[in-house]
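The values are calculated or read from the model by the stated rules, or taken from the named source; none is laboratory data. Since the model is a prediction, treat every value here as computed from it, not as a measurement. In this analysis, Cβ positions are derived from the backbone assuming ideal geometry, glycine residues included, and neighbour counts consider all displayed protein chains. The protein model used for the area step is the full one, side chains on, heavy atoms only, and it has no ligands, DNA or RNA in it. Shrake-Rupley method; radii C 1.70, N 1.55, O 1.52, S 1.80 Å.
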Amino acid sequence: MTEPDLSCTIAGVRFPLCLMNASGALCVTREELEALGRSRAGAIVTKSMTLEFRKGNPEPRYYPFGGGSINSMGLPNLGYQAYAELIPALKAFKKPVIASVAGLAEDDFPEIARTISKAGPDLIEVNLSCPNIPGKPQIGYDFEASERLIRKVRAVVDRPMGVKLPPYFDPAHHAAMADVLKRAPVDFLSLINSVGNALVIDPETETVVIKPKGGFGGLGGSVIKAVALANVRAFWKAFAGRIPIIGVGGVASGTDVFEHLLAGASAVQVGTALVEEGTGVFDRLAGELRDVLKKKGYPSSTAAVGKLKEL
Ligand code: SIN
């Protein structure tokens, strides 16, 4: 059998490999973004940008543990103007550039999106789900605000845009967000952001493990894979496979990528495993995914998308 094709197309944009960094993982500075450009990653995703430069939350704000990680970074980033200047240079790496747009207030999003769209990213990912800004709830849990915001951003961008959503834990909430997205359509979905406001405790020291928000933070890594898969599957079914999905959550092996594909993802993003392993993780995951697809007889990653069997 010839080697399986691991490329994919999302919203008309071709990705040479269906694996990329999750926004937030090693993608704040120019050096980090260029390292992603030089790596095997199929795209370069920027850190979620805000109007102004942000130092982020006080440290320690990231803590890996067996099975995952917890973080409360607080959107440290260079500010959108800096990313607008960087994007043209990142395009020299000849892979898609995804600009992740955030904000501290609803009107920040369209302001950032208008400028960043002109800088020429291939796709814009609107982050409706950061759990780590004290006093700012995750927008994706407010369906009316999400719809308003999507419409405002859509009106000012001329690039394909998607939304990065928080995890939902009830079919009624999957349905409510799917209804929002039917009224205010987007070109792709990134599912899911970290599982917000979790608490990891070190029983030895009897302390929390990160400083912000009394130790509360977003959970990532293998422990959230099942939640991520459920969200990918729920939205894939809600749209009968008609919106491309980027799966995020718990990808640490080629088999994890394969499970995301089966659930309905066309590509996956890697967070905790990238932070822990560095950009070499994309070579390892690509090799493992190729082996899984070959063993299973799939000619391409695309051929596995949505093929999950139900009992
Ligand atoms: C952070 O910077 O706190 C994480 C960003 C996110 O979860 O959206």
Exercise for the section: Considering only the range 90-112, state which residues are within 16 Å of the ligand (Cβ to nearest atom), outside any loop (DSSP other than H, G, I, E, B) and more than 15 Å from the chain's Cα centre (by Cα). Expected result: Asp108, Phe109, Ile112
Practice task
Inspect the range 229-246 for any residue being free of Cβ contacts under 8 Å to residues at least 40 places away in the same chain and open to solvent by less than 10 Å² (accessible area, probe 1.4 Å) and give the result as yes or no.
Solution key: no
Handout entry: Count - residues of the range 101-144 that are acidic (Asp, Glu) and crowded, with 20+ Cβ neighbours inside 10 Å
Key = 2
Exercise for the section: Say whether the condition of being open to solvent by less than 10 Å² (accessible area, probe 1.4 Å) and either in contact with an Asp or Glu (Cβ under 8 Å, 6 or more places away or on another chain) or over 30 Å from Asp107 (Cβ atoms) (or both) is met by at least one residue in the range 180-187. Expected result: yes
Completion exercise
Ala84 meets each of (1) over 26 Å from Ile70 (Cβ atoms); (2) touching a residue at least 40 places away in the same chain (Cβ under 8 Å) with one exception, condition (2)
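Residue-by-condition table, conditions (1) touching a Pro at 6+ places or on another chain (Cβ under 8 Å); (2) of a type in the set (D, E, K, R):
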{"site": "Val251", "(1), (2)": "no, no"}
{"site": "Leu261", "(1), (2)": "no, no"}
{"site": "Val268", "(1), (2)": "no, no"}
{"site": "Gly271", "(1), (2)": "no, no"}
{"site": "Glu276", "(1), (2)": "yes, yes"}
{"site": "Asp283", "(1), (2)": "no, yes"}
{"site": "Leu293", "(1), (2)": "yes, no"}
{"site": "Ser301", "(1), (2)": "yes, no"}
{"site": "Ala304", "(1), (2)": "no, no"}
Exercise for the section: Mind checking which strands (runs of 3 or more DSSP E) fall wholly inside the range 208-298 and carry at least 1 residues that are farther than 20 Å from Met177 by Cα? Expected result: 216-220, 267-270
Handout entry: All positions within the range 38-60 that are open to solvent by 30 Å² or more (accessible area, probe 1.4 Å) and of a type in the set (Lys, Arg)
Key = Arg38, Arg40, Arg54, Lys55
Completion exercise
Taking the range 47-57 and keeping only residues that are assigned to a loop (DSSP other than H, G, I, E, B) and within 12 Å of the ligand (Cβ to nearest atom), one is left with Lys47, Ser48, Thr50, Lys55, Gly56, Asn57
Problem - Unmet criterion (only one of (1) without any contact (Cβ under 8 Å) to a residue 40 or more places away in the chain; (2) crowded, with 19+ Cβ neighbours inside 10 Å) for Glu277 - result: (2)
Handout entry: Criterion violated by Tyr63 - all others in (1) open to solvent by less than 40 Å² (accessible area, probe 1.4 Å); (2) within 14 Å of the ligand (Cβ to nearest atom); (3) in contact (Cβ under 8 Å) with a residue 60 or more places away in the chain; (4) not hydrophobic (A, V, I, L, M, F, W, C) satisfied
Key = (1)
Exercise for the section: Could you please let me know if Gly42 is closer than 17 Å to Gly278 by Cα, away from the ligand (no atom under 12 Å from the Cβ) and in contact with a Phe, Trp or Tyr (Cβ under 8 Å, 6 or more places away or on another chain)? Expected result: yes
Exercise for the section: Give the residue, chosen from Gly74, Gly37, Gly12, that is in contact with a helix residue (DSSP H, G or I) (Cβ under 9 Å, 6 or more places away or on another chain), among the small types (Gly, Ala, Ser) and in contact (Cβ under 8 Å) with a residue 60 or more places away in the chain. Expected result: Gly74
Practice task
Considering (1) surrounded by fewer than 24 Cβ atoms within 10 Å (Cβ to Cβ); (2) within 17 Å of the chain's Cα centre (by Cα); (3) in contact (Cβ under 8 Å) with a residue 24 or more places away in the chain, say which one Glu32 fails and leave the rest.
Solution key: (3)
Handout entry: Residues of the range 75-89 satisfying the condition of being within 12 Å of the ligand (Cβ to nearest atom) and either assigned to a strand (DSSP E or B) or buried (at least 22 other Cβ atoms within 10 Å of the Cβ) (or both)
Key = Leu75, Asn77
Fill in the blank from the handout: Those strands (runs of 3 or more DSSP E) completely within the range 119-199 that have 2 or more residues that are closer than 20 Å to Val97 by Cβ and away from the ligand (no atom under 11 Å from the Cβ) are 123-127, 161-165, 188-191
